[in-house]
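Enquirer: Have a look at this one.
The values are calculated or read from the model by the stated rules, or taken from the named source; none is laboratory data. What you are looking at is a predicted structure, and each value in this text was computed from that prediction instead of being measured. So basically every Cβ, Gly included, is an ideal-geometry build from the backbone, and we count neighbours across all protein chains shown.
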């Protein structure tokens, strides 16, 4: 259930309005049902006759057959017999339709006025754009530039010279140094961006710290998860291109480049100077060695260990990584060997 203490429901909406919103994503619907009033979007198990729900995974067929939802979004090729009375909206991408409907029905109860809180510190030479909210105990240091319509929540620290574009949403206790960030960034609580990388030169048993003179460059429409860390470059810059999505607890080393649209899932570690191509996906707890190149649209299954370059479009798994089918074969053979020994 969605707790309305934290989220506001703007419904109900006529089904005709909902269909108009998602018509590019669904197959045609009979006109005689378009005046139905839809009060809410809920999960299959919690939905009522006045609600819309979504089936986007065959694992939940049992819940679908038991649901009381009046309307249900299903895949375009859905062929199961509808044992309940739900109206089915067949969608090319049910999960995307679900995302659009959540945006229609709900918004956060918390709002941000255009205001700078009295406890915030903003250096005289810093520039803060129009219609910004700067929360309690935020620090914005000298020569920093904050764009229009930005939100910076309590306790965040924006270091000297940092540039942040328009419409940024920076949650609490974030620190940003040596960085240039584009428009529409979302940075979740506790993220650390632009700190020193792990760079040392060892001589006669002493580890000498290497001054990092690069920065972090982050493109437009990038999300960075809670407690993730992005080190600035040692000489070259660390670069996160447009539309990337970085989950919580991710470590990105110095001089790493992540190209447009890539997704990095929780607890991934990427060592220095590695390059991740466009629209790649790294599953949870993947480790990437330094100076590795992962080609466009490649995928690495969870807990994969990447020690060598991966060609564009490949799907790999295991540690060290191998083509995904080989990894599955290895797992089956290992299971068979263990069974024989027992």
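Enquirer: Consider region 234-246. How many of its residues are buried (at least 20 other Cβ atoms within 10 Å of the Cβ) and within 11 Å of the chain's Cα centre (by Cα)?
Expert: Residues in region 234-246 being buried (at least 20 other Cβ atoms within 10 Å of the Cβ) and within 11 Å of the chain's Cα centre (by Cα): 2 in total.
Enquirer: Restricting to region 298-326, count the residues that are more than 12 Å from residue 283 (Cβ to Cβ) and part of a helix (DSSP H, G or I).
Expert: So the answer is 2.
Enquirer: Ok, one more. Considering only residues that are under 14 Å from residue 91 (Cβ atoms) and modelled with pLDDT of 90 or more, which ones fall in region 23-49?
Expert: Matches in region 23-49: 41 only.
Enquirer: Would a scan of region 141-150 turn up a residue that is in the same structural domain as residue 246 (by TED's automatic domain parsing) and within 22 Å of the chain's Cα centre (by Cα)?
Expert: Within region 141-150 (the criterion being in the same structural domain as residue 246 (by TED's automatic domain parsing) and within 22 Å of the chain's Cα centre (by Cα)), the answer is no, since none of the residues qualifies.
Enquirer: Ok, one more. Scan region 133-154 for residues that are under 23 Å from residue 215 (Cβ atoms) and either assigned to a loop (DSSP other than H, G, I, E, B) or out of contact with any strand residue (DSSP E or B) (no Cβ under 7 Å at 6 or more places or on another chain) (or both) and report the count.
Expert: Matching residues across region 133-154 total 8.
Enquirer: Moving on. Could you identify the single residue in 180, 218, 224, 240 that is touching a strand residue (DSSP E or B) at 6+ places or on another chain (Cβ under 7 Å) and more than 24 Å from residue 135 (Cα to Cα)?
Expert: Matching residue, one of 180, 218, 224, 240: 240.
Enquirer: Report whether or not residue 50 is in the same structural domain as residue 92 (by TED's automatic domain parsing) and more than 28 Å from the chain's Cα centre (by Cα).
Expert: yes
Enquirer: Another question, if that's okay. Do any residues in region 73-98 that are more than 16 Å from residue 18 (Cα to Cα) have Cβ atoms under 8 Å from those of residues that are part of a helix (DSSP H, G or I), where the two are at least six apart or on different chains, and which pairs are they?
Expert: Final answer for the pair search is 75/94; 80/61; 80/64; 80/65; 83/65; 84/65; 84/66.
Enquirer: From the residues in region 4-22 that are touching a strand residue (DSSP E or B) at 6+ places or on another chain (Cβ under 8 Å) and assigned to a loop (DSSP other than H, G, I, E, B), which one is farthest from residue 93 (Cα to Cα)?
Expert: 6
Enquirer: Next question, about the same structure. For region 32-55, which residues satisfy the criterion of being touching a helix residue (DSSP H, G or I) at 6+ places or on another chain (Cβ under 9 Å), more than 15 Å from residue 86 (Cβ to Cβ) and without any contact (Cβ under 8 Å) to a residue 24 or more places away in the chain?
Expert: Those that are touching a helix residue (DSSP H, G or I) at 6+ places or on another chain (Cβ under 9 Å), more than 15 Å from residue 86 (Cβ to Cβ) and without any contact (Cβ under 8 Å) to a residue 24 or more places away in the chain: 34, 35.
Enquirer: Residue 101 fails exactly one of the following numbered conditions: (1) crowded, with 17+ Cβ neighbours inside 10 Å; (2) touching a helix residue (DSSP H, G or I) at 6+ places or on another chain (Cβ under 8 Å); (3) assigned to a loop (DSSP other than H, G, I, E, B). What is the number of that condition?
Expert: Exception for residue 101: condition (3).
Enquirer: Right, another one. Looking at region 321-342, I want the residues that are in the same structural domain as residue 281 (by TED's automatic domain parsing) and have a partner that is in a helix (DSSP H, G or I) and surrounded by 11 or more Cβ atoms within 10 Å (Cβ to Cβ) with Cβ atoms under 8 Å, at least 6 apart or on another chain. Which pairs are those?
Expert: Partner pairs satisfying both residue conditions: 321/327; 322/330.
Enquirer: Of the residues that sit in region 196-208 and are under 29 Å from residue 226 (Cβ atoms) and touching a strand residue (DSSP E or B) at 6+ places or on another chain (Cβ under 6 Å), which one is surrounded by the most Cβ atoms within 10 Å (Cβ to Cβ)?
Expert: 197
Enquirer: Looking at 126, 86, 91, which one is surrounded by 15 or more Cβ atoms within 10 Å (Cβ to Cβ) and within 22 Å of residue 163 (Cα to Cα)?
Expert: Unique residue meeting the criteria: 126.
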